[in-house]
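*Asks:* Take a look at this one; I'll ask things after.
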């Protein structure tokens, strides 16, 4: 047989070691409720509503500044493997850089002015 070596990398970084080892050693499939319990998924959606829910998520994310989304994603993954103090120092620098972006000013202004932001992605 084959051991799931490459899937093990992502699995071991997203669930507890005990849960990952159980899944890897048994090779058994899990249902949606177990996947949610293990933290592999955020929510369970009935099949007939899946496209609607995914579209809503996509629209929500697409309505944000793409520059800010890109910055946030990069920072999330970069800090994940850092020591705690290094992660805070790094994300502090990211926050300062983010605050200097035009879209940060626009977002704050839109919030205060109770209006929809007009992102420039800069």
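FYI, it's all coordinate maths here, none of it is from the lab. None of these values were measured; they are calculated from a predicted model. Note: ideal-geometry Cβ built from the backbone for every residue, glycine included; neighbour counts use all protein chains shown.
*Asks:* Can you tell me the 0 to 90 degree angle between the C-alpha axis of helix 17-26 and the longest principal axis of the chain, rounded to 10?
*Replies:* Taking the Cα atoms of the chain, the angle to 17-26 is about 50 degrees.
*Asks:* Arrange the following residues from fewest to most other Cβ atoms within 10 Å of their Cβ: 13, 36.
*Replies:* In increasing order of surrounding Cβ atoms, one gets 13, 36.
*Asks:* Under the Kirkwood approximation applied to all pairs of distinct alpha-carbon atoms, what is the hydrodynamic radius of the range 59-113 in Å?
*Replies:* Evaluated over the range 59-113, this radius sits at 12.2 Å.
*Asks:* Going by C-beta contacts inside 10 Å, put 12, 55, 65 in order with the fewest on the left.
*Replies:* 55, 12, 65
*Asks:* Send over the per residue convex hull volume for the range 21-94, Cα only, as a whole number of Å³.
*Replies:* About 130 Å³ per residue, rounded to a whole number.
*Asks:* Using Cβ counts within 10 Å as a stand-in for footprinting exposure, how do 24, 2, 50 rank, fewest first?
*Replies:* In increasing order of surrounding Cβ atoms, one gets 2, 50, 24.
*Asks:* Compute the angle between helix 50-62 and the longest alpha-carbon principal axis of the chain, please, reported from 0 to 90 degrees and rounded to the nearest 10.
*Replies:* With rounding to tens, the tilt is 40 degrees.
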